[in-house]
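Computed from the coordinates by the stated procedures, all read-outs in this text should not be read as laboratory data. Computed from a predicted model, the values in this text were never measured in an experiment. Neighbour counts are summed over all protein chains in view; Cβ atoms, including those assigned to glycine, are modelled from backbone coordinates with ideal geometry.
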Amino acid sequence: MPSGKPFCFWFGSQDPHRPYERGTGLKSGHRLEDVKVPPFLPDTPAVRSDLLDYCAEIERFDREVGAMLKLLEAAGQLDNTLVVITSDNGFPFPRGKATCYDAGTRMPLVVRWPARVKAGRVLEDFVSLTDLAPTFLEAAGLQPPAEMTGHSLLSLLTTGKSGLVGPTRDKTFFGRERHANVRAGNVGYPIRAIRTTEFLYLRNFEPDRWPAGDPPLYGDVDEHLSIDGSPSKQAVVEHGDIPEVKHLFELACGKRPAEELYDLSKDPWQMINVAADPQYFDRKTKLRAELDRHLAETKDPRAAGKGAEFDHYYYVSGGAAPKPVEKTR
């Protein structure tokens, strides 16, 4: 880098993107018995090994980041460089990536800037990837344009405080439309959501569609469209008729009601939908109203009854369409 000149470097790793080399987690020295399997996945050796492979790829990414930090240090720029580490989606397992549950939307975010940001803190404010671009601009002394929907995180980072710092960052809104060409007519699965510290509320605008893709492929379960996308997907989809797996199969691939509500204090993994429980009627009503206001303020086509236009946007899905594979019985 030229001496005295500002620079920007983006590292987009393929780790931990699938496909994984099976068994790498075990080869790296990790043990199956040490894995903590999320309750929405079958606890089998194959799933545990798949999770270890995932961890091994994360560790390789960590090593690569470490090597880049050493290059910055050698150049004398380590302390005065804003470093941000994050991901672009949740983990690629059933009920993870391509969903609006925490496993699909909650991502790592680590910020390092010794010259301006106090280290060793954990912030609990809700933030979004849309906040990164205005953060970078403000950090560089530039004014983010009004068209940006995100908000700079610089004031949070430089306060020196921990916990919930920004009083207006007590919730976040997100959603999804189309992830891959996995349904008849190449349509998506539209969701809008609001997440607070206490609850997750989801609005499924097309509950008659299959959220994980049409059977028997359920191609939106992870980023690979074939049934062999991962051992974890195989464990859920191919064995969904087994009694102990059936409930997990329905959570990952079954059709969902128009509304979902999860009490995170009692159900952190979002396994039990309480939207129809009278006990939660007032809370659901409040969250639904907050979400409706947000959709109206942001001129979301879904709020105006024009959401069908999303299904007609030109879309190209990578890779060839998969061949159907029947579930084993």
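Odds and ends about this structure:
- Total formal charge among the other residues, if their Cβ is under 10 angstrom from that of Gly104, Lys/Arg +1 and Asp/Glu -1: +3
- Think of it as helices only: each DSSP H run of n ≥ 4 in the chain is worth -39500 (n - 2.57), and spread over all residues that comes to -7500 deg cm²/dmol at 222 nm.
- Ranked list, fewest to most other Cβ atoms within 10 Å of each Cβ, for Val84, Val221, Val237: Val84, Val237, Val221
- Packing-based exposure ordering (other Cβ within 10 Å, fewest first) of Asp263, Asp220: Asp263, Asp220
- Full-extension gain in nm, Leu78 to Arg288, via 0.36 nm per residue minus C-alpha separation: 71.1 nm
- Above-threshold pairs, the threshold being 22 Å between Cα atoms, out of Lys286/Lys306; Lys171/Lys284; Lys246/Lys286; Lys266/Lys286; Lys171/Lys286; Lys36/Lys233: Lys286/Lys306; Lys246/Lys286
- In the set [x] 21.4; [y] 18.3; [z] 19.6, the label that goes with mean projected area of the Cα convex hull in nm² computed for this structure is [z].
- FRET efficiency for the pair Ala184 and Phe9, taken as 1/(1 + (r/R0)^6) with r the Cβ-Cβ distance and R0 = 45 Å, rounds to 0.55.
- Sorted peptide list for 209-219, 285-295, criterion being average Cβ within 10 angstrom, highest first: 209-219, 285-295
- At least 20 Å along the helix axis (C-alpha) and Kyte average at least -1.0, DSSP helices within the chain: 45-74
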